[in-house]
1. At 1.4 Å probe size, put A:Arg62, A:Arg51 in order of accessible surface, largest to smallest.
2. Starting from a label point 7 Å past Cα on the Cβ side, list the distances from B:Arg122 to the same position in the other copies, nm, shortest first.
3. Quick query: amide H of A:Val26 versus all other amide H atoms, modeled in the peptide plane; which residues come in under 5 Å with a sequence gap of 5 or more or a different chain?
4. Per-residue accessible area for A:Ser3 at 1.4 Å probe radius, Å² rounded to 10?
5. Sort shortest first the distances from B:Ser70 to its counterpart in every other copy, using label points 7 Å along the Cα-to-beta-carbon line, and give them in nm.
6. Compute the label-point distances linking A:His20 to its equivalents in the other copies; points lie 7 Å from Cα along Cα→Cβ; give nm, one decimal, shortest first.
7. I'd like the interface area for chains A and B: accessible area of each alone minus the complex, both sides summed, 1.4 Å probe, protein heavy atoms only. What is it in Å² to the nearest 100?
8. Can you give me the solvent accessible area of A:Tyr65 with a 1.4 Å probe, rounded to the nearest 10 Å²?
There are 2 protein chains.
Amino acid sequence: MLSLTRKTEYALIAVCHLAHVGQKVVSAREIAEQHGMPLPLLMNVLKKLNRTGHVRSIRGARGGYVLAVSPEEFTLDALIEAVEGPVHLVRCTNADINGRKCTLANPCPIRKSVRKVHELLRELLNRITVADFAYVEPEAAQSSAKAVAQ
Amino acid sequence: MLSLTRKTEYALIAVCHLAHVGQKVVSAREIAEQHGMPLPLLMNVLKKLNRTGHVRSIRGARGGYVLAVSPEEFTLDALIEAVEGPVHLVRCTNADINGRKCTLANPCPIRKSVRKVHELLRELLNRITVADFAYVEPEAAQSSAKAVAQ
DNA sequence: TGAATATAGCATCGGACCGGTACGATTTCA
DNA sequence: TGAAATCGTACCGGTCCGATGCTATATTCA
(Lines give C-alpha, C1' and ligand atoms only; values in the text may rest on other atoms or scores of the structure.)
Protein backbone atom coordinates (compact mmCIF):
# COMPACT_ATOMS: atom_id res chain seq x y z
CA MET A 1 0.00 0.00 0.00
CA LEU A 2 2.73 2.41 -0.89
CA SER A 3 0.35 4.96 -2.33
CA LEU A 4 -1.22 8.33 -1.69
CA THR A 5 -4.88 8.50 -0.79
CA ARG A 6 -7.42 10.26 -2.90
CA LYS A 7 -7.66 12.96 -0.27
CA THR A 8 -4.04 13.82 -0.91
CA GLU A 9 -4.71 14.00 -4.62
CA TYR A 10 -7.56 16.41 -4.07
CA ALA A 11 -5.51 18.46 -1.64
CA LEU A 12 -2.63 18.64 -4.06
CA ILE A 13 -4.79 19.81 -6.93
CA ALA A 14 -6.62 22.33 -4.78
CA VAL A 15 -3.45 23.77 -3.32
CA CYS A 16 -1.92 24.00 -6.77
CA HIS A 17 -5.01 25.83 -7.94
CA LEU A 18 -4.74 28.27 -5.05
CA ALA A 19 -1.05 28.76 -5.70
CA HIS A 20 -1.81 29.51 -9.30
CA VAL A 21 -4.37 32.24 -8.68
CA GLY A 22 -2.19 34.01 -6.12
CA GLN A 23 -4.07 35.87 -3.43
CA LYS A 24 -7.47 35.77 -5.11
CA VAL A 25 -10.18 34.16 -3.00
CA VAL A 26 -11.53 31.02 -4.65
CA SER A 27 -14.51 29.04 -3.39
CA ALA A 28 -14.37 25.29 -2.98
CA ARG A 29 -17.17 24.98 -5.50
CA GLU A 30 -15.17 26.77 -8.13
CA ILE A 31 -12.15 24.52 -7.63
CA ALA A 32 -14.26 21.39 -7.60
CA GLU A 33 -16.10 22.26 -10.78
CA GLN A 34 -12.98 23.25 -12.62
CA HIS A 35 -11.26 19.91 -11.96
CA GLY A 36 -14.24 17.58 -11.83
CA MET A 37 -13.81 16.74 -8.15
CA PRO A 38 -16.68 15.90 -5.78
CA LEU A 39 -17.38 19.09 -3.86
CA PRO A 40 -18.03 17.61 -0.39
CA LEU A 41 -14.81 15.65 -0.50
CA LEU A 42 -12.83 18.68 -1.51
CA MET A 43 -14.41 20.67 1.29
CA ASN A 44 -13.41 18.04 3.82
CA VAL A 45 -9.85 18.29 2.63
CA LEU A 46 -9.83 22.07 2.64
CA LYS A 47 -11.19 22.11 6.17
CA LYS A 48 -8.26 20.03 7.31
CA LEU A 49 -5.79 22.25 5.51
CA ASN A 50 -7.44 25.22 7.16
CA ARG A 51 -7.10 23.67 10.59
CA THR A 52 -3.39 23.09 10.01
CA GLY A 53 -2.98 26.66 8.85
CA HIS A 54 -1.92 25.86 5.31
CA VAL A 55 -4.88 27.64 3.76
CA ARG A 56 -6.95 30.51 5.10
CA SER A 57 -10.72 30.35 4.88
CA ILE A 58 -13.05 33.28 4.32
CA ARG A 59 -16.64 32.52 5.23
CA GLY A 60 -19.84 33.91 3.87
CA ALA A 61 -20.93 34.99 0.43
CA ARG A 62 -17.97 35.68 -1.87
CA GLY A 63 -15.95 33.64 0.58
CA GLY A 64 -13.51 30.88 -0.21
CA TYR A 65 -9.94 29.89 0.38
CA VAL A 66 -6.53 31.46 0.02
CA LEU A 67 -3.16 29.77 0.29
CA ALA A 68 -1.65 30.74 3.64
CA VAL A 69 1.90 29.53 3.05
CA SER A 70 4.31 29.99 0.20
CA PRO A 71 4.26 27.14 -2.33
CA GLU A 72 8.03 26.84 -2.08
CA GLU A 73 7.84 26.14 1.65
CA PHE A 74 4.83 23.84 1.51
CA THR A 75 6.35 20.38 1.32
CA LEU A 76 4.62 17.24 0.18
CA ASP A 77 5.40 15.74 3.56
CA ALA A 78 3.52 18.52 5.32
CA LEU A 79 0.59 18.20 2.96
CA ILE A 80 0.29 14.47 3.48
CA GLU A 81 0.54 14.84 7.21
CA ALA A 82 -2.12 17.54 7.20
CA VAL A 83 -4.57 15.44 5.21
CA GLU A 84 -3.79 11.86 6.16
CA GLY A 85 -1.93 12.17 9.40
CA PRO A 86 1.73 11.36 9.99
CA VAL A 87 3.49 8.99 7.63
CA HIS A 88 4.52 5.63 9.04
CA LEU A 89 6.41 3.27 6.82
CA VAL A 90 5.71 0.45 9.26
CA ARG A 91 3.68 0.40 12.44
CA CYS A 92 6.61 -0.05 14.73
CA THR A 93 8.58 3.00 13.61
CA ASN A 94 6.76 4.79 16.36
CA ALA A 95 5.27 2.15 18.58
CA ASP A 96 4.03 4.74 21.04
CA ILE A 97 1.73 6.31 18.45
CA ASN A 98 -1.08 3.81 18.42
CA GLY A 99 -0.19 2.07 21.62
CA ARG A 100 0.06 -1.30 19.95
CA LYS A 101 3.54 -2.57 20.42
CA CYS A 102 5.37 -4.56 17.81
CA THR A 103 4.67 -8.19 18.66
CA LEU A 104 7.68 -9.56 16.84
CA ALA A 105 10.38 -11.26 18.80
CA ASN A 106 12.94 -8.82 20.03
CA PRO A 107 15.28 -7.76 18.78
CA CYS A 108 13.46 -7.27 15.49
CA PRO A 109 16.19 -7.77 12.92
CA ILE A 110 15.03 -5.13 10.47
CA ARG A 111 13.99 -2.34 12.78
CA LYS A 112 17.05 -0.22 12.35
CA SER A 113 17.18 -0.57 8.60
CA VAL A 114 13.49 0.12 8.23
CA ARG A 115 13.90 3.25 10.24
CA LYS A 116 16.67 4.31 7.92
CA VAL A 117 14.49 3.75 4.87
CA HIS A 118 11.72 5.64 6.60
CA GLU A 119 14.01 8.62 6.98
CA LEU A 120 15.01 8.45 3.34
CA LEU A 121 11.35 8.52 2.35
CA ARG A 122 10.69 11.49 4.59
CA GLU A 123 13.68 13.27 3.10
CA LEU A 124 12.30 12.68 -0.36
CA LEU A 125 8.90 14.02 0.61
CA ASN A 126 10.47 17.05 2.23
CA ARG A 127 12.46 17.88 -0.87
CA ILE A 128 9.28 18.08 -2.92
CA THR A 129 7.16 21.20 -2.53
CA VAL A 130 3.86 22.41 -3.85
CA ALA A 131 5.79 24.73 -6.13
CA ASP A 132 7.11 21.66 -7.94
CA PHE A 133 3.57 20.71 -8.83
CA ALA A 134 3.30 23.86 -10.87
CA TYR A 135 -0.10 24.43 -12.35
CA VAL A 136 1.04 23.94 -15.90
CA GLU A 137 0.49 21.07 -18.21
CA PRO A 138 1.59 21.28 -21.85
CA GLU A 139 5.37 21.59 -22.15
CA ALA A 140 6.40 24.11 -19.53
CA ALA A 141 6.43 21.42 -16.86
CA GLN A 142 10.15 21.05 -17.35
CA SER A 143 11.24 23.71 -14.90
CA SER A 144 9.13 22.12 -12.19
CA ALA A 145 10.33 18.68 -13.14
CA LYS A 146 13.86 19.86 -12.76
CA ALA A 147 13.16 21.07 -9.24
CA VAL A 148 11.58 17.78 -8.34
CA ALA A 149 14.40 15.78 -9.81
CA GLN A 150 17.02 17.67 -7.85
CA MET B 1 -1.41 5.47 3.43
CA LEU B 2 2.21 5.80 2.57
CA SER B 3 3.20 2.65 4.40
CA LEU B 4 4.29 -0.91 3.89
CA THR B 5 1.87 -3.71 4.65
CA ARG B 6 2.55 -6.27 7.29
CA LYS B 7 3.09 -8.81 4.55
CA THR B 8 6.07 -6.83 3.37
CA GLU B 9 7.44 -6.72 6.89
CA TYR B 10 7.20 -10.48 7.19
CA ALA B 11 8.74 -10.95 3.77
CA LEU B 12 11.61 -8.67 4.61
CA ILE B 13 12.40 -10.43 7.85
CA ALA B 14 12.14 -13.85 6.26
CA VAL B 15 14.33 -12.95 3.33
CA CYS B 16 16.90 -11.43 5.66
CA HIS B 17 16.86 -14.61 7.67
CA LEU B 18 17.44 -16.68 4.53
CA ALA B 19 20.20 -14.36 3.41
CA HIS B 20 21.85 -14.74 6.78
CA VAL B 21 21.96 -18.52 6.81
CA GLY B 22 23.32 -18.74 3.28
CA GLN B 23 22.35 -21.85 1.36
CA LYS B 24 21.03 -23.79 4.33
CA VAL B 25 17.44 -24.91 3.95
CA VAL B 26 15.20 -23.36 6.59
CA SER B 27 11.57 -24.25 7.17
CA ALA B 28 8.89 -21.60 7.45
CA ARG B 29 8.13 -22.80 10.96
CA GLU B 30 11.68 -22.23 12.06
CA ILE B 31 11.67 -18.66 10.75
CA ALA B 32 8.28 -17.91 12.25
CA GLU B 33 9.18 -19.22 15.68
CA GLN B 34 12.47 -17.43 15.76
CA HIS B 35 10.89 -14.03 15.09
CA GLY B 36 7.50 -14.46 16.69
CA MET B 37 5.58 -14.25 13.44
CA PRO B 38 2.29 -16.08 12.76
CA LEU B 39 3.27 -19.12 10.74
CA PRO B 40 0.38 -19.19 8.24
CA LEU B 41 0.94 -15.56 7.35
CA LEU B 42 4.61 -16.13 6.79
CA MET B 43 3.84 -19.14 4.60
CA ASN B 44 1.49 -17.08 2.46
CA VAL B 45 4.26 -14.58 1.93
CA LEU B 46 6.86 -17.22 1.16
CA LYS B 47 4.56 -18.81 -1.37
CA LYS B 48 4.34 -15.54 -3.23
CA LEU B 49 8.09 -15.11 -3.15
CA ASN B 50 8.43 -18.64 -4.47
CA ARG B 51 6.08 -17.95 -7.35
CA THR B 52 8.11 -14.89 -8.33
CA GLY B 53 11.30 -16.91 -8.15
CA HIS B 54 12.93 -14.97 -5.34
CA VAL B 55 13.06 -17.96 -3.03
CA ARG B 56 13.23 -21.64 -3.87
CA SER B 57 11.00 -24.05 -2.00
CA ILE B 58 11.95 -27.61 -1.09
CA ARG B 59 8.98 -29.79 -0.25
CA GLY B 60 8.67 -32.73 2.04
CA ALA B 61 10.28 -33.59 5.32
CA ARG B 62 13.47 -31.59 5.98
CA GLY B 63 12.15 -29.20 3.37
CA GLY B 64 12.02 -25.43 3.58
CA TYR B 65 13.14 -22.38 1.71
CA VAL B 66 16.36 -21.07 0.24
CA LEU B 67 17.03 -17.63 -1.13
CA ALA B 68 17.14 -17.91 -4.92
CA VAL B 69 18.63 -14.52 -5.73
CA SER B 70 21.59 -12.67 -4.34
CA PRO B 71 20.70 -10.23 -1.56
CA GLU B 72 22.57 -7.47 -3.36
CA GLU B 73 20.36 -7.81 -6.42
CA PHE B 74 17.09 -8.24 -4.56
CA THR B 75 15.70 -4.72 -4.37
CA LEU B 76 13.03 -3.49 -2.01
CA ASP B 77 10.99 -2.54 -5.04
CA ALA B 78 11.03 -6.10 -6.30
CA LEU B 79 10.13 -7.46 -2.90
CA ILE B 80 7.16 -5.13 -2.51
CA GLU B 81 5.95 -5.92 -5.99
CA ALA B 82 6.26 -9.63 -5.32
CA VAL B 83 4.24 -9.47 -2.12
CA GLU B 84 1.80 -6.62 -2.59
CA GLY B 85 1.69 -6.15 -6.32
CA PRO B 86 3.02 -3.18 -8.27
CA VAL B 87 3.47 0.13 -6.49
CA HIS B 88 1.15 2.92 -7.55
CA LEU B 89 1.61 6.30 -5.97
CA VAL B 90 -1.78 7.35 -7.26
CA ARG B 91 -4.40 5.42 -9.15
CA CYS B 92 -3.96 7.30 -12.37
CA THR B 93 -0.24 6.71 -12.80
CA ASN B 94 -1.25 3.70 -14.80
CA ALA B 95 -4.90 4.11 -15.60
CA ASP B 96 -4.90 0.98 -17.71
CA ILE B 97 -3.97 -1.22 -14.78
CA ASN B 98 -7.27 -1.44 -13.00
CA GLY B 99 -9.42 -0.22 -15.83
CA ARG B 100 -10.85 2.63 -13.84
CA LYS B 101 -9.90 5.80 -15.56
CA CYS B 102 -9.11 8.99 -13.70
CA THR B 103 -12.38 10.88 -13.51
CA LEU B 104 -10.79 14.26 -12.97
CA ALA B 105 -11.26 16.92 -15.56
CA ASN B 106 -8.60 16.72 -18.20
CA PRO B 107 -5.97 17.82 -18.35
CA CYS B 108 -5.29 16.86 -14.74
CA PRO B 109 -2.91 19.58 -13.57
CA ILE B 110 -0.72 17.41 -11.40
CA ARG B 111 -0.42 14.30 -13.51
CA LYS B 112 3.02 14.99 -14.88
CA SER B 113 4.48 16.03 -11.55
CA VAL B 114 2.96 13.09 -9.75
CA ARG B 115 4.46 10.76 -12.27
CA LYS B 116 7.82 12.37 -11.63
CA VAL B 117 7.48 11.85 -7.90
CA HIS B 118 6.41 8.30 -8.56
CA GLU B 119 9.64 7.70 -10.46
CA LEU B 120 11.68 9.20 -7.65
CA LEU B 121 10.03 6.84 -5.20
CA ARG B 122 10.72 3.87 -7.43
CA GLU B 123 14.33 4.93 -7.76
CA LEU B 124 14.62 5.07 -4.00
CA LEU B 125 13.12 1.61 -3.63
CA ASN B 126 15.42 0.26 -6.31
CA ARG B 127 18.51 1.62 -4.60
CA ILE B 128 17.66 -0.31 -1.46
CA THR B 129 18.40 -4.03 -1.48
CA VAL B 130 17.88 -6.91 0.88
CA ALA B 131 21.59 -6.80 1.60
CA ASP B 132 21.04 -3.40 3.21
CA PHE B 133 18.69 -5.01 5.71
CA ALA B 134 21.53 -7.08 7.01
CA TYR B 135 20.59 -9.50 9.71
CA VAL B 136 22.50 -7.75 12.43
CA GLU B 137 21.23 -5.65 15.23
CA PRO B 138 23.56 -4.40 17.92
CA GLU B 139 26.14 -1.99 16.51
CA ALA B 140 27.31 -3.58 13.31
CA ALA B 141 24.33 -2.11 11.46
CA GLN B 142 26.50 0.76 10.32
CA SER B 143 27.92 -0.85 7.23
CA SER B 144 24.44 -1.65 6.02
CA ALA B 145 23.16 1.77 7.00
CA LYS B 146 25.88 3.28 4.90
CA ALA B 147 24.77 1.34 1.89
CA VAL B 148 21.19 2.43 2.41
CA ALA B 149 22.13 6.05 2.83
CA GLN B 150 24.11 6.09 -0.36
C1' DT C 1 -33.65 43.02 8.24
C1' DG C 2 -33.89 38.92 5.48
C1' DA C 3 -32.28 35.90 1.90
C1' DA C 4 -28.48 33.83 -0.32
C1' DT C 5 -23.86 32.13 -0.15
C1' DA C 6 -20.14 29.57 1.77
C1' DT C 7 -17.43 27.40 5.36
C1' DA C 8 -17.29 24.50 10.10
C1' DG C 9 -18.21 20.52 12.50
C1' DC C 10 -19.99 16.15 13.35
C1' DA C 11 -22.11 11.90 12.48
C1' DT C 12 -23.05 8.13 9.47
C1' DC C 13 -22.86 4.59 5.87
C1' DG C 14 -20.94 1.38 2.33
C1' DG C 15 -17.13 -0.94 0.32
C1' DA C 16 -12.47 -2.33 -0.42
C1' DC C 17 -8.57 -4.45 1.36
C1' DC C 18 -5.42 -6.05 4.82
C1' DG C 19 -4.68 -9.34 8.52
C1' DG C 20 -5.61 -13.68 10.00
C1' DT C 21 -7.55 -18.56 9.84
C1' DA C 22 -8.84 -23.13 8.08
C1' DC C 23 -8.76 -27.14 5.28
C1' DG C 24 -7.36 -30.36 1.96
C1' DA C 25 -3.93 -31.82 -1.61
C1' DT C 26 0.75 -32.82 -2.85
C1' DT C 27 5.42 -34.10 -2.23
C1' DT C 28 9.44 -35.98 0.15
C1' DC C 29 11.95 -38.58 3.50
C1' DA C 30 12.50 -41.99 7.22
C1' DT D 1 3.34 -46.57 4.97
C1' DG D 2 3.27 -42.64 7.88
C1' DA D 3 5.08 -38.32 9.30
C1' DA D 4 6.62 -33.81 7.97
C1' DA D 5 6.41 -29.93 5.29
C1' DT D 6 4.96 -27.10 1.43
C1' DC D 7 1.10 -25.72 -2.00
C1' DG D 8 -3.35 -23.91 -3.22
C1' DT D 9 -7.62 -22.01 -2.34
C1' DA D 10 -11.28 -20.30 0.07
C1' DC D 11 -13.19 -17.77 3.87
C1' DC D 12 -14.09 -14.37 7.70
C1' DG D 13 -13.61 -10.14 10.51
C1' DG D 14 -11.86 -5.50 11.36
C1' DT D 15 -10.14 -1.37 9.94
C1' DC D 16 -10.01 2.58 7.24
C1' DC D 17 -10.80 5.18 3.06
C1' DG D 18 -14.32 7.25 0.18
C1' DA D 19 -18.48 9.44 0.20
C1' DT D 20 -22.87 11.64 1.94
C1' DG D 21 -25.98 14.38 4.83
C1' DC D 22 -27.37 17.65 8.12
C1' DT D 23 -26.97 21.57 11.17
C1' DA D 24 -24.64 25.65 12.80
C1' DT D 25 -22.09 29.81 11.88
C1' DA D 26 -20.41 33.76 9.40
C1' DT D 27 -20.51 37.10 5.62
C1' DT D 28 -22.42 39.62 1.75
C1' DC D 29 -25.97 41.96 -0.64
C1' DA D 30 -30.58 43.60 -1.80
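The values are calculated or read from the model by the stated rules, or taken from the named source; none is laboratory data. Here the structure is a predicted model, which is why all the values come from computation and not from measurement. Glycine also receives a Cβ, built like all others from the backbone with ideal geometry; neighbour counts cover every protein chain displayed. Heads up: the accessible areas ignore ligands, DNA and RNA and are worked out on the full protein's heavy atoms, side chains in. Shrake-Rupley method; radii C 1.70, N 1.55, O 1.52, S 1.80 Å.
1. Output order, biggest surface exposure first: A:Arg62, A:Arg51.
2. Going from nearest to farthest copy, the values are 2.7 nm.
3. A:Tyr65
4. 30 Å²
5. Nearest first, the other copies' label points are 4.8 nm away.
6. Ordered by distance, the counterparts are at 5.2 nm.
7. Approximately 4600 Å² gets buried when A meets B.
8. 30 Å²
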